[in-house]
Amino acid sequence: MTTSKIVVVTGAGAGLGRAMTVALSAAGHQVIAVGRTATTLDGTVAAASGPGEAHAVVADVTVPEAVDSLFAEVVRRWGRVDVLVNNAGVFGPTLPVDEVSVGEWGRVIDTNLTGSFLCAQAAFRVMKGQMPRGGRIINNGSISAHTPRPHTVAYAASKHAVTGLTKALALEGRAFDIAVGQIDIGNAATELTAGIAAGALQADGSVRAEPTIDAADVARLVVQTVALPVTVNVPFLTVMATGMPYLGRG
C-alpha cells in the first residue's frame, strides 16, 4: 500500500510537470503543483484524478521571497514536505554562442539553476527540522547535463550546473536523511521539445527528426523513486527514447 506523501512539483503547469503531478496524484500522494500561471495550474489540477489530491500554488521559483512563501504555505497547510521535484525550467535561445545576449543567458540560469537552488534550500530547511526528519529532492537534469546540443550554450551550462548542485545537495543531505538525486530526460514529448520530432540540429550540421517518449513514462519513474524510503537514494537516472542519437552523439 502506498504511503501518502506531501510532494512539491515545480513547473507543474504543463509538460513533464503536469505529467508528474497527475501520476503522483494517481499514486495517492498530496501534490502541490507550483508554477507562475494560475490558469495552467488549474488545468493540471483538473487533470489529476486522485486518489491523492493536487493543489495549485502560484509562485515564481526565481524570486527568493516567493519560494520562502511557497514552502511556508506548504508547511502551514500540510504540515511537512516529504519530496521536492525541481522541474521548473526553460530551454532558452537556440543561437550560436556569440549571438546569445546576457539577458537571455541570465533568464535560463535564473530559472534552471538558481530556481532549483532556492527551492532545494527552502526544502532543506523544512526537512532538517520536521519529524520524522528528512525527505527527498529530485532535480530535473537533462541529457544536456551530459552532452549539449548545438547552439544551446545557456541551457547546457545550466544543466551541467544542476548536476553539480545535485552532488553537493546529496553530500550535505546525508547527515539529515535527505536523499537527493537527478533524473536526466531525453526527448520527452512536451511543448518544450515539440520541434525535435520535426527536425533537430545535429552536431554535423544536419537537421534530423528524433524519436520521443511519452511524458507519462517519465512520470512513472518519478513515482517509483518517490515511493522509496529516504534510506535509499537514486543519485542519477537517465531515461530517453531508445533511438535517440545521444550515445555517440557528435
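The values are calculated or read from the model by the stated rules, or taken from the named source; none is laboratory data. Just so we're clear, the structure is a prediction, and the values are computed from it rather than from any experiment. Glycine also receives a Cβ, built like all others from the backbone with ideal geometry; neighbour counts cover every protein chain displayed.
Structure values in brief
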| item | result |
| --- | --- |
| Number of positions in segment 1-17 that are in a helix (DSSP H, G or I) and buried (at least 24 other Cβ atoms within 10 Å of the Cβ) | 2 |
| Of all residues making up segment 147-167, the number that are in a loop (DSSP other than H, G, I, E, B) and in contact (Cβ under 8 Å) with a residue 40 or more places away in the chain | 5 |
| Members of segment 155-164 found to be in contact with a Leu (Cβ under 9 Å, 6 or more places away or on another chain) and either modelled with pLDDT under 95 or crowded, with 22+ Cβ neighbours inside 10 Å (or both), listed by number | SER158, LYS159, VAL162 |
| Residue satisfying condition, being in a loop (DSSP other than H, G, I, E, B) and free of Cβ contacts under 8 Å to residues at least 40 places away in the same chain, within set GLY50, GLY43, GLY103 | GLY50 |
| Segment 215-233, residues that are of a type in the set (A, V, I, L, M) and either part of a helix (DSSP H, G or I) or within 14 Å of the chain's Cα centre (by Cα) (or both) | ALA215, ALA216, VAL218, ALA219, LEU221, VAL222, VAL223, VAL226 |
| Single residue of segment 172-196 satisfying the filter (among the acidic types (Asp, Glu) and surrounded by 16 or more Cβ atoms within 10 Å (Cβ to Cβ)) that is modelled with the highest pLDDT | ASP177 |
| Check on ILE137, buried (at least 19 other Cβ atoms within 10 Å of the Cβ), without any contact (Cβ under 8 Å) to a residue 24 or more places away in the chain and among the β-branched types (Val, Ile, Thr) | no |
| Scan of segment 156-200 for residues that are polar (S, T, N, Q) and at negative phi, ordered by number | SER158, THR163, THR166, GLN182, THR190, THR193 |
| GLY35 being small (Gly, Ala, Ser), closer than 20 Å to GLN121 by Cβ and modelled with pLDDT of 95 or more | yes |
| Top-ranked residue of segment 18-70 - restricted to ones that are closer than 22 Å to ALA189 by Cα and in contact with a Lys or Arg (Cβ under 7 Å, 6 or more places away or on another chain), ranked as surrounded by the most Cβ atoms within 10 Å (Cβ to Cβ) | THR44 |
| Criterion (out of contact with any strand residue (DSSP E or B) (no Cβ under 7 Å at 6 or more places or on another chain) and of a type in the set (Asp, Glu)) met by exactly one of ASP98, ASP82 | ASP98 |
| Qualifying position, being more than 25 Å from VAL7 (Cα to Cα), loosely packed, with under 13 Cβ neighbours inside 10 Å, in contact with a Lys or Arg (Cβ under 7 Å, 6 or more places away or on another chain) and not hydrophobic (A, V, I, L, M, F, W, C), among GLY243, GLY205, GLY199 | GLY199 |
| Conditions (1) under 20 Å from the mean Cα position of the chain (by Cα); (2) closer than 22 Å to VAL8 by Cβ: number failed by HIS146 | (2) |
| Segment 168-181: number of residues that are under 20 Å from VAL239 (Cα atoms) and touching a residue at least 60 places away in the same chain (Cβ under 8 Å) | 1 |
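Residue-wise test of (1) surrounded by fewer than 20 Cβ atoms within 10 Å (Cβ to Cβ); (2) in contact with a Leu (Cβ under 9 Å, 6 or more places away or on another chain); (3) outside any loop (DSSP other than H, G, I, E, B); (4) modelled with pLDDT of 95 or more.
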| position | (1), (2), (3), (4) |
| --- | --- |
| VAL81 | no, no, no, yes |
| LEU84 | no, no, yes, yes |
| ILE109 | yes, no, yes, yes |
| ASN112 | no, no, yes, yes |
| ALA122 | no, yes, yes, yes |
| PRO132 | yes, no, no, yes |
| SER144 | no, no, yes, no |
